[in-house]
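The values are calculated or read from the model by the stated rules, or taken from the named source; none is laboratory data. What you see is a predicted model, and the numbers here were worked out from it, not measured in a lab. In this analysis, Cβ positions are derived from the backbone assuming ideal geometry, glycine residues included, and neighbour counts consider all displayed protein chains.
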Amino acid sequence: MSDDIPGANGQTIPNGMLQDNYPRNMWWVAAHRDEVTTKPMMRWLLETPVVLYRHEDGTPAALYDRCPHRWAPLSEGHVAGDKIVCPYHGMEFDRSGTCTKAPTQHMKPKTATIPSFAVKEAGAYIWVWMGDQDAIDCDPPEVGYQVDPNWTPVNGYYEVAANWVLIRENVLDLTHIAFLHKNTFKQDDWITAPDTYMDGETVCYEQEFDLAPLSPLFCAGMGLPEDKPIKRVQKGRMPSLAISFSDWNVHDPNPEPGRRSDFIVRGCHIVTPAQRGRTHYFWMAAFDVPELTDEVAEKTRKSVTAAFDEDKHLLEKLQANVEADPRGLDFLEVTLGADGAGIRVRQILNKKLKAEGRAL
Ligand code: FES
Ligand SMILES: [Fe+2]
């Protein structure tokens, strides 16, 4: 990490892990696209109960999950055409949250509206903009590879009892892999951190490794023996606080006859604040291999999950300790040279909050 990054010399940049520390005016992932159907579902997003559903034509929608009549959860109701129907007394609402029918009377109550949120389907996920609906100035990050038939995705989901920023920093903090994941990732050459740099608003890193066995997590997906030395270039990008990618570019210098020598597995880490101290964590490991067998996909899912269980366990303990400690955030926090990417996360977070007139 270069010395021009605040934090490199012990300067504190807060991450607000016990606070309301999530920017509103950006795209966050609400769900995997397969989760959202014409059967409404409820999910806490940015401390807001949200009902997610699809119209009968497949269009996704997101509304505050509280009917304005007697506050029944619309997620217990049903979809009729392009309306959602409240389960309690049958009031209907369109995707803008406007009441289009109150069955018990002829007049539609003019005040009966619900906050609605912009929704976009991009790649394998449904994205929502929970903040100022007039401030939408971009699309969700480009994730077309997630639905490209030349790639095979393996994905999973956790609800983690920790603030979202701890997970966001964790997935960009690479030196923990050699320690916390020594029995799962087994990528024990990763004890030096890459330099990070900015490409516009995107945090990036790139790091090249000498010949070494590849983490067993990804060997099955690439059809490589677990003890075969390969070259690897790690490339990472965080285009938004909501999502980051970690590409494992693998080169086999001695492929078996007729076998490929180069592969990519693209890790994708998505975090969305749920309730205070709780986070949705969606992950994906996508191989640039058109068809992985179900057996290989399941093996990969199990081994990645075993590794991410280790992060979940540690971060939940960390959060619980800090929450219960009367010192709260008022305690020494040391920054090491390896924390460059995490410091950039904090810088971006503080800048975004400032732009919304908030501060940590
Ligand atoms: S609570 Fe929804 S219609 Fe009465
Ligand atoms: Fe980890």
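Please work out which one of (1) under 18 Å from Cys219 (Cα atoms); (2) assigned to a strand (DSSP E or B) is the condition Lys302 fails and give its number.
(2)
Check whether at least one residue in region 273-282 is closer than 17 Å to Val154 by Cβ and free of Cβ contacts under 8 Å to residues at least 60 places away in the same chain, and report yes or no.
Scanning region 273-282, I find no residue that is closer than 17 Å to Val154 by Cβ and free of Cβ contacts under 8 Å to residues at least 60 places away in the same chain, so the answer is no.
Given the condition assigned to a loop (DSSP other than H, G, I, E, B), surrounded by 15 or more Cβ atoms within 10 Å (Cβ to Cβ), away from ligand 1 (no atom under 16 Å from the Cβ) and not charged (D, E, K, R), answer yes or no: does some residue in region 40-50 qualify? Talk me through it step by step, then tell me what you get.
Going through region 40-50, the residues assigned to a loop (DSSP other than H, G, I, E, B) turn out to be 40, 46-47.
In the following step, the residues that additionally are surrounded by 15 or more Cβ atoms within 10 Å (Cβ to Cβ) were identified as 40, 46.
Then keep just the ones that are away from ligand 1 (no atom under 16 Å from the Cβ); that gives 46.
Imposing the further condition that a residue be not charged (D, E, K, R) reduces the set to 46.
Yes, there is a match, as at least one residue in region 40-50 is assigned to a loop (DSSP other than H, G, I, E, B), surrounded by 15 or more Cβ atoms within 10 Å (Cβ to Cβ), away from ligand 1 (no atom under 16 Å from the Cβ) and not charged (D, E, K, R).
Does Ala286 count as in contact with a Ser or Thr (Cβ under 8 Å, 6 or more places away or on another chain), surrounded by 22 or more Cβ atoms within 10 Å (Cβ to Cβ) and not β-branched (Val, Ile, Thr)? Don't jump to the end; show me each part of the working.
Working: in contact with a Ser or Thr (Cβ under 8 Å, 6 or more places away or on another chain): yes; surrounded by 22 or more Cβ atoms within 10 Å (Cβ to Cβ): yes; not β-branched (Val, Ile, Thr): yes.
Criteria met by Ala286.
Out of all the residues in region 85-133, which are polar (S, T, N, Q) and out of contact with any strand residue (DSSP E or B) (no Cβ under 7 Å at 6 or more places or on another chain)? Break it down stepwise before answering.
Step one: of region 85-133, the residues polar (S, T, N, Q) are 96, 98, 100, 104-105, 111, 113, 116, 133.
Scanning region 85-133 gives Thr104, Gln105, Thr111.
Specify the residue that is surrounded by the fewest Cβ atoms within 10 Å (Cβ to Cβ); the eligible residues are those in region 98-117 that are touching a residue at least 24 places away in the same chain (Cβ under 8 Å) and part of a strand (DSSP E or B).
This residue is Thr113.
Residues are listed down the side, and each one gets a yes or a no for (1) farther than 24 Å from Phe263 by Cα; (2) more than 16 Å from ligand 1 (Cβ to nearest atom); (3) not charged (D, E, K, R):
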| site | (1), (2), (3) |
| --- | --- |
| Thr111 | yes, no, yes |
| Lys120 | yes, yes, no |
| Pro149 | no, yes, yes |
| Val154 | no, yes, yes |
| Thr175 | no, yes, yes |
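Between a first residue in region 169-191 that is more than 22 Å from Ile343 (Cβ to Cβ) and a second residue that is away from ligand 1 (no atom under 16 Å from the Cβ) and of a type in the set (Lys, Arg), which pairs have beta carbons less than 7 Å apart while being 6 or more apart in sequence or on different chains?
Qualifying pairs under 7 Å: Asp188/Lys182.
So which residues in region 51-97 are among the small types (Gly, Ala, Ser) and either buried (at least 20 other Cβ atoms within 10 Å of the Cβ) or more than 28 Å from the chain's Cα centre (by Cα) (or both), if there are any at all?
Here is the first cut: in region 51-97, the residues among the small types (Gly, Ala, Ser) are 58, 61-62, 72, 75, 77, 80-81, 90, 96-97.
Of everything in region 51-97, those that are among the small types (Gly, Ala, Ser) and either buried (at least 20 other Cβ atoms within 10 Å of the Cβ) or more than 28 Å from the chain's Cα centre (by Cα) (or both) turn out to be Ala61, Ala62, Ala72, Ser75, Gly77, Ala80, Gly81, Gly90.
Could you check Lys317 against (1) outside any helix (DSSP H, G or I); (2) farther than 25 Å from Ser240 by Cβ and say which number it fails?
It is condition (1) that Lys317 fails.
Would you pick out the residues in region 73-128 that are among the β-branched types (Val, Ile, Thr) and farther than 17 Å from Leu52 by Cα? Reasoning before the result, please.
First, the residues of region 73-128 that are among the β-branched types (Val, Ile, Thr): 79, 84-85, 98, 100, 104, 111, 113-114, 119, 126, 128.
If the condition is that a residue be among the β-branched types (Val, Ile, Thr) and farther than 17 Å from Leu52 by Cα, then Thr100, Thr104, Thr111 are the ones that fit.
Would you list the strands (runs of 3 or more DSSP E) that sit entirely within region 133-252 and hold 2 or more residues that are within 16 Å of ligand 2 (Cβ to nearest atom), outside the structural domain of Gly123 (by TED's automatic domain parsing) and surrounded by 20 or more Cβ atoms within 10 Å (Cβ to Cβ)? It would help to see each step written out before you state the result.
Details: elements: 152-160, 196-199, 202-213, 229-240, 243-251.
The strands (runs of 3 or more DSSP E) meeting that bar are 229-240, 243-251.
Among the candidates His280, His313, which residue alone is surrounded by 17 or more Cβ atoms within 10 Å (Cβ to Cβ) and out of contact with any Leu (no Cβ under 6 Å at 6 or more places or on another chain)? Quick ask: steps written out before the conclusion?
Working: His313 fails: surrounded by 17 or more Cβ atoms within 10 Å (Cβ to Cβ).
Answer to the selection: His280.
Which is surrounded by fewer than 13 Cβ atoms within 10 Å (Cβ to Cβ) and within 17 Å of Ser240 (Cβ to Cβ), of Ala359, Ala355?
Exactly one residue qualifies, and that residue is Ala355.
Go through region 285-331 and report how many residues are farther than 20 Å from Ala162 by Cα and away from ligand 2 (no atom under 15 Å from the Cβ). Give the steps one after another, and end with the answer.
So the first thing to find is which residues in region 285-331 are farther than 20 Å from Ala162 by Cα, and the list is 285-303.
Okay, now just the ones that are also away from ligand 2 (no atom under 15 Å from the Cβ), so 286-302.
Of the residues in region 285-331, 17 are farther than 20 Å from Ala162 by Cα and away from ligand 2 (no atom under 15 Å from the Cβ).
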